[in-house]
Structure formats: C-alpha cells, structure tokens
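See below for the structure under consideration.
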Amino acid sequence: MSRTGPADDGDELLTRLGTLTAQARAQAEVQRSRVELAVALQRGMLPRDLPEAPGVHLAVRYAPAYQGLNVGGDWYDAFPMPDGRIALSIGDVQGHNIEAAAFMGQVRVGLRALASVTGEPGELLARTNDLLLSLGSSLFATCTFMRLDPASGVLESARAGHLPCVWATADGRSGVTADEGGPPLGVQPGAVYPVTRYRLTTGGVFVMLTDGVVEGPSMPLDEGLGQVVRLAGIAAVAAMDADALAASVIKGAERVGHDDDDAVLVLAHDPRAAAP
C-alpha cells in the first residue's frame with residue numbers, strides 16, 4: 001500500500017504555486033497591455049496643436065491615470081471655428097477602463113463634427129447629447145463647451161453636468177463661473193443646456209479642469225476649487241504666463257488622495273500676443 005510522503009506533497013504545492021504565478025503574470029500582462037492601449041487612445045485623441053489668435057494664449061496640462069484599472073476618459077480640446085472664433089471643451093467620461101477612453105473619443109469627435117453645423121454652445125451640447133443617446137452606450141460624459149470671440153473677448157459657455165470653471169482678472173477679482181448647466185451628455189433625451197456669457201478682460205484668465213484635479217478623498221471639491229481660485233487670482237495680478245498657471249493647477253492633483261485622470265486648459269488674455 002503506497003502512501004504520499006511529505007516530499008510528494010511539497011512537489012505538488014510547488015507545482016500549484018508555479019501554475020498560479022504563471023497565471024498571475026499572464027493576467028498582469030493582459031492588464032498592462034490594456035492600460036497601455038487606453039493611454040495611447042487617450043493621447044492619440046487629444047489635439048496636437050492649439051489654435052492661436054491675437055491677444056489669446058492657451059495652455060494645457062494632461063496627466064492620464066494608469067495605475068491598476070484606473071484608466072479614464074478625461075479630455076480637453078481647442079480648435080478654430082469657421083467664423084474665426086475659438087472652440088474650447090473639456091470633459092470626463094464615466095468609468096475607468098478602455099471603454100471609457102474609447103467613448104471619450106466619440107464625444108470629442110462628435111463635438112468637433114457638430115461644431116461645423118452649429119457653434120452655439122447650448123445647441124451644440126444638445127445635439128451631441130442626442131447623438132450619444134442614439135449610439136446606445138451605457139456610458140455618459142460631463143462636459144463644458146465654450147466659444148471665444150478673440151476680437152471682443154466674449155465667452156459663451158454651456159455645461160453638461162461638469163464642474164464650473166475658475167476665472168480671475170488683473171485687478172484682483174476671482175471666483176468660479178455661475179452658469180446654470182444641464183445634465184451630463186448621454187443621459188436625458190431632449191436635454192437643454194443654457195448659455196451664459198462672460199468676457200475675457202485684459203490680463204484675465206479662465207481655467208477649465210476636470211474633477212480629478214480638485215476633488216478626492218483628501219480634498220473636498222470646494223476646497224480644491226478654492227485653491228485654483230487663489231492660484232488664478234495670483235497669476236492674473238502678477239501677469240503669470242498661462243503655461244506656468246496650468247502647471248501649478250495640475251500639481252494640486254497630487255493632494256486629492258486618489259489616482260485619476262487630470263486635465264487642465266487655461267485661457268488667458270496675453271497683451272504681449274495682441275495685434276500691433
């Protein structure tokens with residue numbers, strides 16, 4: 001009568017451990033590939049160049065989340081419109097996976113395509129909302145879309161469930177935008193998005209951002225926005241470069257207490273870039 005001895009038990013345990021280790025490595029490799037693909041999708045869908053106009057300076061910062069499963073769908077965009085105005089958008093897709101990154105691309109492309117039909121921010125968001133609903137996806141996105149007239153400095157803004165922007169002027173005033181907004185894109189059929197008008201004054205700035213920059217377990221949204229308000233106020237009074245302000249704002253994401261996508265788009269009036 002044969003018996004399994006301690007040596008046989010040890011060999012079986014080692015075999016099982018080897019199999020589990022190989023499976024874990026294979027799973028980690030698949031996940032790493034998915035993360036790399038999602039990050040490549042994100043970066044490939046973001047604009048390579050920013051539009052230029054006399055007296056206007058745009059600056060961006062973008063830091064994708066790539067730890068574990070936290071691959072999200074934050075985006076920013078800026079492009080010239082046929083009438084000479086500049087379109088600006090920023091947003092965040094629900095979820096943290098490769099599907100969110102792909103859906104982000106659909107939203108951004110949809111906004112660009114529909115902007116050739118209508119540049120009015122409220123109507124543009126409404127049409128994009130209808131388009132996303134027609135695709136039948138279970139995902140949704142928050143978004144802010146702004147249209148800037150560089151000649152007058154008039155900004156027309158519409159929000160779809162996104163957090164407000166931050167503004168500051170060279171005379172020391174600063175705060176957050178107070179537009180009414182509507183629901184996120186891809187949620188409610190027939191949604192309406194009110195438009196609010198602002199003005200980019202001499203030396204002034206507007207900061208568009210996603211929630212990963214200002215909100216997390218270690219930082220409530222009001223506190224995070226308050227920090228950006230202070231930074232923007234200092235930047236406007238000190239005539240700080242828009243790139244420096246964007247870098248300072250996104251650095252604050254290190255204090256929110258979680259790993260998330262971070263996107264910042266700064267719009268600044270730059271007298272040095274004004275037409276002679």
Completion exercise
Of Met240, Met146, ordered by accessible area with the largest first and a 1.4 Å probe, the sequence is Met240, Met146
Practice task
Could you please put Ile234, Ile250 in sequence from largest to smallest accessible area, using a 1.4 Å probe?
Solution key: Ile234, Ile250
Handout entry: region 65-221, dipole about Cα centre (Lys/Arg Cβ +1, Asp/Glu Cβ -1), debye to the nearest 20
Key = 200 debye
Problem - Cβ crowding within 10 Å averaged over residues, with 216-227, 84-95 ranked highest first - result: 84-95, 216-227
Fill in the blank from the handout: Where a ≥ b ≥ c are root eigenvalues of the Cα gyration tensor, a/c under 1.5 meaning rounded, otherwise prolate if a/b exceeds b/c and oblate otherwise, region 134-197 counts as prolate
Completion exercise
By the C-alpha gyration tensor axes a ≥ b ≥ c (rounded if a/c is under 1.5, else prolate when a/b exceeds b/c, else oblate), the shape of region 147-263 is oblate
Fill in the blank from the handout: Contour minus Cα-Cα span, Val154 to Met81, at 0.36 nm per residue, comes to 24.8 nm
Problem - Normalised contact order of region 123-276, rounded percent, pairs of Cα under 8 Å and 6 or more residues apart - result: 24 percent
Fill in the blank from the handout: With all protein chains present and a 1.4 Å probe, the order of Glu99, Glu180 from largest accessible area down is Glu180, Glu99
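The values are calculated or read from the model by the stated rules, or taken from the named source; none is laboratory data. Fair warning: this is a prediction, and the values are worked out from it, not measured in the lab. Glycine also receives a Cβ, built like all others from the backbone with ideal geometry; neighbour counts cover every protein chain displayed. Each accessible area value is taken on the protein alone, full model and side chains, heavy atoms only, with ligands, DNA and RNA left out. Shrake-Rupley method; radii C 1.70, N 1.55, O 1.52, S 1.80 Å.
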